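Undergrad: Next up is a structure, given as structure tokens.
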Amino acid sequence: MRGSWIVAAAVLLASCAVHPAPVTVAPRTDQPAVSNATMIVYPAPPEAAQQYGTGPTSEPTRGGPDSERLAKTLIDNAQAHGSKMQGDGRLAALGAWVAGLVDDKGAPPPQAIFDFGARHLGIAEDAPVIMTLAGGTVQEREQYMVQAMASMPANIVYNRFGVASIMRAGLPVSVVVICSSLIELEPIPRSVPAGRTLSIRGRVDGVFKKHEVVVTSPDGKVTEAAQGQGGAFQTNLTLAAPGTWRIEILGAGPWGLTVLANFPVYAGTQPPATIAVQRGSQSNEAAAEATAEAATSRLMELLNGARKDAGLPALSPHPGLARVAEAHSRDMAEHGFFGHVSPTTGDPASRVRSAGMRFSIVAENVGVGRSASDVHRALLDSPGHRGNMLNAKLTHVGVGVILKPRDDRFDFYATQLFARLAQPIDVGKAPADLLAMINATRRQQSRVELVREPSMDAAAARGAALYFQNPKVTKEQVLDVVSAELEKLSKTGAGPWQRIGGAESYFVSVATLAEANANQTAFDPKARYIGLGIAQGSKPEGPDNMIAVVMIVGWPR
């Protein structure tokens, strides 16, 4: 007997007649077809939904007594552990489709196709768990299902199920599909005309205090469309460009940000009817990623490949981040949970601080799958996780993978821990470099270039240095000191202060000088003078190599 279960971390309506009993599957036109020597084309499920939804449909079991028995055991097992399972015909339809794609030896189809099938059926919730149980007696399949359920992350609330059973070339096959449905969505069309404004309305479960809506547009860019408190929400999203828009809804709960829904909407085009997968990709990936080291290397390669495709620089590997990432993957695998918040180590920022590291930005992706490549695909298909992977502000990453044995294969627990690390700069040269950036922007705006004024430079430099000289000094106190010095200078009325009619000071802490080239006052068309003070160092609880910039902008009399 074979069995498998799938969990994709970031990343899955219609009904048909229930089979009265397991049936023999003959070759059909909806079976996989080889398109060439290297690719296999999988057709979409025969039942196509026109809308996405989260409400369960009828017929949660297909295939007669075997499916009914498995469903009853599933419900009883959940009840024994204090939870409740509700049958969902959408999941049974997904299970029936997957069962028809199991090969003659009982091997399941590649994980890469499951999201495609789920979305084709109008399932909006995040990735269901799919257990393919082939061979043996129904009692053996039942036992395997119970064992698989016992090993799944205990913190994930699985509350929906569907079961399908067939005979495949004389081999009994049952597919059990479960999912966590913690969001209610009003129906959302799968395909709309380009330029249409889509209204996304719904309610997140009470365990989530906040929600976010994140979108990947057809050009691959990620934006946060909306965020707000938990409960009911409404977001209007204009699908301006034709192509595929990926929409994700996340909730902030006890385990950190959790994906509640993730689905594509096709603007100005129809949903695809097939999906192509490289022949032998699943077995090739398993062979190439057979160790934690190989899987870690592969995830790093795929991550930087995605950044290259997006025109972004590669992330540098960071040994400290990698140790923290690997420890979190091991924590999840050994202690039976899945998420960003650990019962023992807290959230990602806490884990990084405990390791003695300080960064200006910390972000984390976690995933579980049958291979590192499966995890990468699922993360990239999730707008929220994709946003971390393709964040231009991030500079370093640590990847940690733990392989947890399961029968004749492994579950891949993976953590990607991202950070922005400021590099040391030439502090003496930095004011001139920053002024060059500011004046380049002013020239683009057809404005007069600013001129450095020595007395303003000196005041700004003393302020920037003060920030790191005294660990207790705040940004506000630095500005108070600088403002007091400017007031004294202006009262003298000597030298340049005969020309300068007014000045304002600003403080910003950044990771790169380019980030400081954003103060709109520096681009005031009436401004003529500038003073710049730049220092680099660290503050308690702050990132390493922080760059402190004090900028004084002056106007003529």
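Undergrad: Of everything in the range 117-137, what is of a type in the set (A, V, I, L, M, F, W, C) and either touching a Pro at 6+ places or on another chain (Cβ under 8 Å) or part of a loop (DSSP other than H, G, I, E, B) (or both)? Give them in sequence order.
TA: Selection gives Ala118, Leu121, Ala124, Ala127, Ile130, Ala134.
Undergrad: What tally of residues in the range 178-213 results from selecting those that are part of a strand (DSSP E or B), within 20 Å of Gln50 (Cβ to Cβ) and of a type in the set (Lys, Arg)?
TA: Total meeting the criteria: 1.
Undergrad: Hey, another quick one. Do we have any residue at all in the range 99-106 that's modelled with pLDDT under 90 and not charged (D, E, K, R)?
TA: Yes: one or more hits.
Undergrad: Those residues that are surrounded by 14 or more Cβ atoms within 10 Å (Cβ to Cβ) and assigned to a loop (DSSP other than H, G, I, E, B), I need them from the range 525-537; list them, please.
TA: Passing the criteria: Ala527, Arg528.
Undergrad: Name the residues in the range 265-294 that are buried (at least 21 other Cβ atoms within 10 Å of the Cβ) and at pLDDT 95 or above, would you?
TA: Val265, Ala267
Undergrad: Follow-up question, since we're still on this one. Are any residues in the range 480-491 open to solvent by 60 Å² or more (accessible area, probe 1.4 Å) and under 16 Å from Gly554 (Cα atoms), and if so, which ones?
TA: Hits for the range 480-491 are Glu487, Lys488, Lys491.
Undergrad: Just give me the residues in the range 503-524 being at pLDDT 90 or above, open to solvent by less than 60 Å² (accessible area, probe 1.4 Å) and assigned to a strand (DSSP E or B), in sequence order.
TA: Scanning the range 503-524 gives Ala503, Ser505, Tyr506, Phe507, Val508.
Undergrad: Can you tell me which residue among Ala241, Ala169 is surrounded by fewer than 20 Cβ atoms within 10 Å (Cβ to Cβ), among the aliphatic types (A, V, I, L, M) and on the phi > 0 side of the Ramachandran plot?
TA: Selected residue: Ala169, the only one of Ala241, Ala169 that is surrounded by fewer than 20 Cβ atoms within 10 Å (Cβ to Cβ), among the aliphatic types (A, V, I, L, M) and on the phi > 0 side of the Ramachandran plot.
Undergrad: For the range 361-430, list the strands (runs of 3 or more DSSP E) that sit wholly inside it and hold at least 1 residues that are hydroxyl-bearing (Ser, Thr, Tyr) and open to solvent by less than 40 Å² (accessible area, probe 1.4 Å); which are they?
TA: 409-420
Undergrad: Okay, next question. Please enumerate the residues belonging to the range 214-234 that are open to solvent by 20 Å² or more (accessible area, probe 1.4 Å) and within 30 Å of Leu312 (Cβ to Cβ).
TA: Once the filter is applied, which keeps residues that are open to solvent by 20 Å² or more (accessible area, probe 1.4 Å) and within 30 Å of Leu312 (Cβ to Cβ), the range 214-234 yields Ser217, Pro218, Asp219, Lys221, Val222, Thr223, Glu224, Ala225, Ala226, Gln227, Gly228.
Undergrad: Scan the range 466-479 and tell me whether some residue there is loosely packed, with under 12 Cβ neighbours inside 10 Å and in a helix (DSSP H, G or I).
TA: Yes, the range 466-479 contains a residue that is loosely packed, with under 12 Cβ neighbours inside 10 Å and in a helix (DSSP H, G or I).
The values are calculated or read from the model by the stated rules, or taken from the named source; none is laboratory data. These numbers were taken from a predicted model, which means no experiment stands behind them. A quick note on method: Cβ atoms are made from the backbone with ideal geometry, for glycine too, and the neighbour counts reach across all protein chains shown. The accessibility values were calculated without ligands, DNA or RNA, using every heavy atom of the protein model including side chains. Shrake-Rupley method; radii C 1.70, N 1.55, O 1.52, S 1.80 Å.
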